[in-house]
Amino acid sequence: MLGLPDHVRTCLFDLDGVLTRTAKVHAAAWKEMFDDFLRGRADREGTDFVPFDAVRDYDEYVDGRPREDGVRTFLASRGVELPDGAPDDPPERDTVGGLGTRKNELVLRRIREDGVEAYEGSVAYVHAVRDAGLRTAVVSSSANCRDVLAAAGIDDLFDERVDGVVAREQRLHGKPAPDTYLAAARALGVPPAEAAVFEDALAGVEAGRAGNFGLVVGVDRAGQAEELRRHGADVVVDDLAELMESR
């Protein structure tokens, strides 16, 4: 009833876009931050302002990646290089850390003002997974993962959490590297071949494939099913509830 191979004993879920409706919140915050930065840079240099595309640029350069990696990857696509600075740089500082701080403040403001909504199909699926005796973990690049889970009321559904805070403490490479998913599998005491990865981000799907996990499920929230398959998804669904109907 779970749509999983018999050898899968654990399920590793991405947060934004898989469990919670926060991917659009993140995309909007990235756009607000980058547009402000790019507009100021264009004004200073007398060049044309080309805004951040909240769909194409978000999917290609920042979705699923750790915050600082997202800043670097997108800016590199525009031929812009900034000093790294520090992760706790103030938001007015034009460093990778400063832009990351600026983006994080925007996300937290939006979450405080609008709250967090979980996908009903995903919550039902996680409950079914746990009722079947499988263990679960949430694997997210976000340093705000704990707060988002609590705000959505689903923090009690996961045995382990590997997020941006844990990744920094353990010096894990972010997605598309498989490190965070591998760390979650270790924490649950299973080899990757016995774990399924659930991801909506192209970088996250790549991470699942690179880690040789038993199943990589792509969750298509943005009309990119073929891209998810090309990046390594074994199965693509629009909603996790579909998996309960697949057998």
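The values are calculated or read from the model by the stated rules, or taken from the named source; none is laboratory data. These figures come from a predicted structure and were not determined experimentally. Positions of Cβ are generated from backbone atoms using ideal geometry, with glycine treated the same way; all protein chains shown enter the neighbour counts. Each accessible area value is taken on the protein alone, full model and side chains, heavy atoms only, with ligands, DNA and RNA left out. Shrake-Rupley method; radii C 1.70, N 1.55, O 1.52, S 1.80 Å.
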Response to the item:
Stretched fully, the stretch from Arg56 through Glu113 gains (0.36 nm per residue minus C-alpha distance, one decimal, in nm) 17.9 nm
Item to complete: Using the heavy atoms of the protein chains and a 1.4 angstrom probe, tell me the accessible area per residue for the chain in square angstrom.
Response: 45 Å²
Item to complete: Could you check which residue among Phe52, Phe213, Phe37 shows the biggest mean-square fluctuation in a GNM of the chain with a 10 Å Cα cutoff?
Response: Phe37
Worksheet item: Volume per residue, Å³, of the convex hull around the alpha-carbon atoms of the range 112-247?
Response: 110 Å³
Worksheet item: Stretched out fully, how many nm does the piece from His173 to Asp6 gain, at 0.36 nm a residue minus the Cα gap?
Response: 57.1 nm
Item to complete: For every helix of n ≥ 4 consecutive DSSP H residues, a contribution of -39,500 (n - 2.57) applies; sum these over the chain, divide by its total residues, and give [θ] at 222 nm rounded to the nearest 500 deg cm²/dmol.
Response: -13000 deg cm²/dmol
Item to complete: Choose one answer from Val148, Val80, Val138: the residue with the largest mean-square fluctuation in a GNM of the chain with alpha-carbon springs under 10 Å.
Response: Val80
Worksheet entry | For the range 1-140, projected area of the alpha-carbon convex hull averaged over all directions, nm² | 10.3 nm²
Practice prompt. Give the label of the value calculated from the structure for semi-axes √(5λ) of the Cα gyration tensor in Å, choosing from (1) 32, 17, 17; (2) 26, 21, 18; (3) 29, 22, 17.
Written response: (1)
Worksheet item: Got a sec? Charge dipole of the range 1-152, +1 on Cβ for Lys and Arg, -1 for Asp and Glu; which of Ala86, Val107, Gly17 is way out at the positive end?
Response: Gly17
Item to complete: With the full set of protein chains in place, find how many percent of the accessible area of the range 1-98 is carbon and sulfur; take the probe as 1.4 Å.
Response: 48 percent
Discussion item. Once R0 is set to 25 Å, what does the formula 1/(1 + (r/R0)^6) return for the Cβ-Cβ distance between Ala150 and Ala241, expressed as a FRET efficiency to the nearest 0.05?
Written reply: 0.60
Worksheet entry | Stretchable slack from Glu105 to Arg230, in nm (0.36 nm times residue separation minus alpha-carbon distance) | 41.6 nm
